[in-house]
Amino acid sequence: MQVIHRGRGTDTGIGRVLLAAVGICFSCWMSAAAQTHSADEIVIDIQTEAGSLESALNALAEQSGYQIIVFSEDASPRQSNALKGQYTLESALDALLVGTGLEYRFVNERTIAVAAPWRFSPPLPPVNPEPARQAPRLDPAPLPPPEPERPLRQAPVIVSALKRNQDLQDVPAPITSFSMPELELSGVQNLRDVTRLTPNFVGSTFNNTQPIFAIRGGSNTFSAIATSKPIAIYVDEVYLPRFSSADFDLFDMERVEVLRGPQGTFFGRNVAAGAIILTTETPSLDTSEARISAETGNLESYGLRGSLNGPISDDFAGKLSLSRVERGGYGRDVLSGRDQDDLDRTSVRGALLWQPNARFEALLSVDYASDRNGGRTLSAIRQGDRNRRTSELGVGQRFERDIFGGSLRLTYNTPAGDWISITGARLSESDEVFGFSGLNFALLNSGFQQVDQIAESPSTVTQEFRFVSTDTGRFDFVAGLYLLAEDSNRIVDLERFAAGAGTLIADLRVDQNVEAEACAAYADGTWRLSDTLDLTAGVRYSVETRSASLNFTDRTDPAASFSASGLEESFDALTPRLALVWRPSEDATYYVSTTRGFTAGGFNTEADTIEEFSTPFVPETITSYEIGAKFNLSGGRGYLNLAAFHQEYKDKQEFVIVPDTGFGTIVNAAEATLEGVEVEAGWRLNNAVSASLSYGYLDARYDDFRIGDTPGNTGNRLGSSPRHQFALGLEGDWPVMGGRAELYGRTDFSYTDGYFTGATNDPDLFIESYGLLGGTIGWRSADSSVALELFGSNLLDEDYVLIPSDFVVQAEYLGPPRLYGVRLRLKH
């Protein structure tokens with residue numbers, strides 16, 4: 001047994017004699033332990049190190065002036081937490097002994113005995129340790145166990161998808177939301193990465209100018225400038241006119257929200273299948289923060305990111321964020337020797353917030369991004385060197401793009417609600433040269449090699465006026481007016497070189513221009529029918545006018561050239577929404593809803609005849625019927641979100657080859673039914689580790705897709721519609737160094753079932769199923785001012801296909817291989 005007391009050691013011979021004497025009397029002292037004392041009234045400055053319990057008790061005795069008696073065999077094998085701050089003696093003992101199985105009693109007013117419970121006479125009944133009793137602290141809070149059970153989410157996940165800030169679990173709609181820390185830990189850098197963690201959301205790439213996104217099977221692969229996608233992408237509530245300007249670096253984001261299904265009530269243009277909402281970080285009037293991260297990895301990659309955010313004066317706050325990323329190519333053209341699929345990207349974002357009083361706020365945001373690379377690695381199958389990471393194109397591929405954007409958001413608060421004005425402008429300029437077919441003409445026995453050059457410059461100016469009413473408890477609503485003006489140009493230069501000699505057999509230029517004006521008025525209101533039942537109804541009326549022109553130049557056959565301008569067509573649509581919501585408790589939300597969305601009609605501005613160009617196609621619509629439920633589980637320990645949907649496509653816009661003429665055109669060829677289920681869940685397994693799951697099931701088929709007098713594609717699956725998708729995630733953090741730091745990490749495994757890329761269900765255009773594993777593990781200080789991480793994506797080095805091609809020869813374009821590196825983060 002050892003006696004620990006202030007100002008004396010225990011290693012002298014006299015000390016050993018004293019220890020023996022104390023040991024003889026120990027059981028008597030235990031039974032006579034005082035039941036009242038004043039130790040819980042005295043606050044002491046205490047500091048001990050994490051580690052040996054024996055050393056910690058010795059330090060506590062020295063600093064408190066109390067004598068502490070403990071058996072060495074009880075204390076020596078046990079560890080304790082660190083203490084730092086102001087404690088009563090009892091709260092300090094509670095914190096040191098938690099989890100050790102030891103207990104303490106006061107022998108007298110200045111002496112405490114610490115021992116295993118069986119040593120006390122009479123023994124104490126087994127009890128669960130109570131939380132440490134701790135006096136008010138002046139220093140940073142110590143970590144007094146037992147640690148309270150941590151909820152899965154420290155605060156509600158706030159989304160703005162329905163035009164007002166709401167807890168995600170209360171929103172009667174299928175929404176997946178990611179915060180910036182979640183994106184970083186999961187290794188998400190662009191929207192294609194987001195798709196692997198979101199049910200029934202698919203991302204792919206045909207080439208740099210044409211990324212492909214599909215939500216619940218809603219998509220198209222048109223490239224003509226006078227067409228629209230059924231998915232809308234918004235940055236700070238400003239609409240992006242083309243996907244070519246949407247595949248950018250997701251840095252400086254506050255959150256990313258994916259809305260699945262039609263969003264015809266709330267969003268301004270072409271949201272038949274879903275919407276992607278990107279919200280950047282807002283300047284802070286309360287605190288100043290500087291962040292910087294530096295990373296390096298394989299393929300000679302490096303990245304530098306930094307941001308400054310904070311108040312400039314009492315009324316002004318500013319933010320400036322920069323990102324610079326470079327990476328060598330993971331593909332190579334063996335004929336030209338050029339790198340492909342490399343990365344050279346610079347991004348800048350800035351914002352200024354003015355808040356002169358509690359009612360008015362103005363937020364000005366601007367951004368710029370620049371991208372450069374050596375094009376895609378389109379590799380011929382079973383030809384050439386048979387290496388899937390090389391190509392035999394012999395083409396000087398390149399991709400260059402500059403993106404500019406800005407918005408001004410004005411908010412005025414009144415007792416009745418908020419008046420909001422959002423003015424936005426977006427412009428991008430891109431230039432790409434790429435091999436359209438998968439093999440150089442010199443290696444072909446027949447056919448030809450096609451090389452495309454695409455220059456694209458879409459631009460839009462948008463204005464939205466919105467009123468968001470104050471929640472009165474019985475009725476609230478959102479109403480607004482949306483205006484858009486678009487002026488976009490696209491030039492495609494196409495060359496074909498005959499097999500063998502490489503004779504130029506086709507040399508075309510397709511110069512397209514479109515001007516569009518769109519106007520929409522909308523309103524959406526919620527009535528509280530009772531304390532648990534809500535009825536929501538909304539409607540949007542949209543009108544869009546397109547004016548298109550086309551200059552088609554055939555340099556090898558000038559007689560086939562033509563020019564047409566002044567084509568104009570107007571389209572309108574009424575898109576309603578109705579939902580019934582039942583909330584029997586704070587932790588459960590049930591809903592049924594029906595919603596309609598539309599995609600505007602247009603012109604095929606890549607037509608090769610004037611008749612084909614002059615024939616417009618009309619809008620397509622999706623009507624969705626949905627039932628869902630959202631649950632908070634075990635007081636915040638977990639959540640479960642379920643949705644089942646039935647969607648009907650009418651007048652679906654499709655690109656088809658007309659048998660009578662052999663020409664390709666865009667027509668309203670199809671009706672389709674899309675049905676599925678979506679599950680999202682999370683659970684905190686213990687105070688250190690949590691798990692997440694997302695799953696999507698989709699059955700999307702054409703009910704009627706005739707081509708001429710033939711059944712055509714009737715009964716086929718829609719393109720970009722995998723039947724199954726799921727993602728599993730594990731995330732954890734563990735305190736180390738006595739609570740002064742922590743280890744943390746996350747890993748995600750995602751699976752995408754096989755799917756066809758087009759309506760023909762051609763086996764040569766089928767993407768096999770694949771799974772991807774990625775993650776991050778790191779160390780950071782307790783205040784997160786310093787962090788060091790190891791990160792990686794596609795850790796199993798899966799060869800998965802982004803897009804297959806059967807144009808002239810069979811070829812494929814693979815997704816990125818294993819990428820990994822180390823990252824240092826600093827925050828002040």
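Taking 7 Å along the Cα-to-C-beta vector as the label spot, tell me the Phe404-Ser614 distance in nanometres, rounded to one decimal.
Once both label points are built, they end up 3.8 nm from each other.
Probe radius 1.4 Å, ligands and nucleic acids left out: which of Met180, Met737, Met253 has the largest accessible area, and how do the rest follow?
Met737, Met180, Met253
Multiply the residue gap between Gln453 and Glu326 by 0.36 nm, knock off their C-alpha separation, and tell me the result in nm, one decimal place.
43.3 nm
Starting from the Cα of Leu481, step 7 Å toward the Cβ, then list every residue of the range 376-414 with an amide N under 20 Å from that point.
Residues passing the 20 Å test: 408-414.
Using a 10 Å cut-off on Cβ atoms, rank the peptides 516-524, 169-177 from the highest mean neighbour count down.
Those peptides, ordered most packed to least, come out 169-177, 516-524.
Taking the Cα-to-Cβ direction at Thr710 and at Phe316 and moving 7 Å from each Cα, how far apart do the two end points lie in nm?
6.7 nm
Counting only protein heavy atoms and using a 1.4 Å probe, what share of the accessible area of the chain belongs to carbon plus sulfur, as a whole percent?
C and S fraction of accessible area: 56 percent.
Relative to the longest principal axis of the chain, what angle (0 to 90°, nearest 10) does the C-alpha long axis of helix 53-64 take?
Orientation of helix 53-64: about 70 degrees from the principal axis.
Using a 1.4 Å probe, how large is the accessible area of Ser160, given in Å² and rounded to the nearest 10?
Accessible surface of Ser160 is approximately 30 Å².
State, as an integer percentage, the relative contact order of the chain based on alpha-carbon contacts under 8 Å between residues 6 or more apart.
Reported relative contact order: 10 percent.
With labels modelled as points extended 7 Å from the Cα through the Cβ direction, what inter-label distance (nm, one decimal) is found for Glu254 paired with Trp683?
3.3 nm
Would you kindly find the accessible area of Trp527, with a 1.4 Å probe and non-protein molecules such as ligands, DNA and RNA excluded, rounding to the nearest 10 Å²?
110 Å²
Can you pull the percent of Cα pairs in the range 594-675 with separation above 22 Å?
Result for the distance tail: 49 percent.
Name the lysines eligible as straight-distance cross-link partners of Lys630: C-alpha to C-alpha under 23 Å, and not fewer than 8 places from it in the same chain.
List returned: Lys163.
Grab the Cα-Cα distance for Arg723 and Leu580, subtract it from 0.36 nm times how many residues apart they are, and report the gain in nm with one decimal.
Full extension from Arg723 to Leu580 adds 48.6 nm.
Using +1 on the beta carbon of Lys and Arg, -1 on that of Asp and Glu, and nothing else charged, what's the dipole of the chain about the Cα centre, debye to 20?
Around 2180 debye, computed over the chain.
Only residues of the range 506-521 count here: report those whose backbone N is under 20 Å from the spot 7 Å along Cα→Cβ of Ser565, or say none.
In the range 506-521, the label zone of Ser565 (backbone N under 20 Å from the point 7 Å along Cα→Cβ) covers 509-517.
For Lys319, go through the aspartates and glutamates and keep the ones whose alpha-carbon is under 14 Å away, minus same-chain ones fewer than eight residues off.
Answer for Lys319, where 14 Å is the Cα cut-off: Asp252, Glu254, Glu281, Asp286, Glu289, Asp367, listed by chain and number.
Quick check for you: which residues of the range 340-356 have the amide N under 13 Å from the point 7 Å beyond the Cα of Arg389 toward its beta carbon?
Label zone hits: 340-342.
Which residue, Ser565, Leu352, Leu444, has the largest displacement toward the positive end of the dipole of the chain when charges sit on each Cβ (Lys, Arg +1; Asp, Glu -1)?
Working it through, the farthest residue towards the positive pole turns out to be Leu352.
For the range 279-367, with every protein chain kept in place, what is the accessible area per residue (1.4 Å probe, Å²)?
Per-residue accessible area for the range 279-367 comes out at 50 Å².
Convex hull volume of the Cα atoms in the range 360-483, per residue, in Å³?
Each residue corresponds to 181 Å³ of Cα convex hull volume.
Using helices alone, I'd like the mean residue ellipticity at 222 nm for the chain: each DSSP H run of four-plus residues gives -39500 (n - 2.57), total over residue count, nearest 500.
-2000 deg cm²/dmol
Once every Cα of the chain carries one equal point scatterer and solvent is ignored, give the base-10 log of I(q)/I(0) from the Debye formula at q = 0.05, 0.06, 0.08, 0.11 Å⁻¹, two decimals.
Each listed q maps to, in turn, -0.36, -0.49, -0.78, -1.28.
Among the lysines, which fall within straight-line cross-link reach of Lys84, defined as a Cα-Cα distance under 29 Å, with same-chain neighbours fewer than 8 residues apart omitted?
Answer for Lys84, where 29 Å is the Cα cut-off: Lys827, listed by chain and number.
Highest mean first, how do 188-196, 100-108 rank when packing is the count of other Cβ atoms within 10 Å averaged over residues?
Ranking, from highest mean packing down: 188-196, 100-108.
Order these peptides, 257-263, 725-731, by their mean beta-carbon neighbour count within 10 angstrom, highest first.
Going by the mean number of other Cβ atoms within 10 Å, highest first, we get 257-263, 725-731.
Rounded to the nearest 0.05, what FRET efficiency is calculated for Leu642 and Tyr412 with R0 set to 51 Å and r the Cβ-Cβ distance?
Computed FRET efficiency for Leu642 and Tyr412 comes out at 0.85.
For the range 276-293 and the range 345-406, what is the separation of their Cα centres, given in Å?
Cα centroid to Cα centroid, the span is 21 Å.
Expected output is a single nm value to one decimal: the length gained when fully extending between Asp699 and Thr296, i.e. 0.36 nm times separation in residues minus the C-alpha distance. What is it?
Full-extension gain reported as 140.9 nm.
Using only Cα atoms, tell me the angle between helix 13-31 and the longest principal axis of the chain; keep it within 0 to 90° and round to the nearest 10.
Relative to the chain, helix 13-31 is tipped by roughly 80 degrees.
Dipole size in debye (nearest 20) for the range 441-521 around its Cα centre, Lys and Arg Cβ +1, Asp and Glu Cβ -1?
Using Cβ point charges on Lys, Arg, Asp and Glu, the range 441-521 gives about 220 debye.
Give the accessible surface of the range 411-508 per residue, rounded to a whole number of Å², with probe radius 1.4 Å and ligands, DNA and RNA excluded.
That works out to 39 Å² per residue.
The values are calculated or read from the model by the stated rules, or taken from the named source; none is laboratory data. Keep in mind the model is a prediction, meaning the values are calculated, not measured. Backbone-built Cβ (ideal geometry, glycine too); neighbour counts: all protein chains shown. We work out accessible area using only protein heavy atoms, side chains counted, and drop any ligands, DNA or RNA first. Shrake-Rupley method; radii C 1.70, N 1.55, O 1.52, S 1.80 Å.
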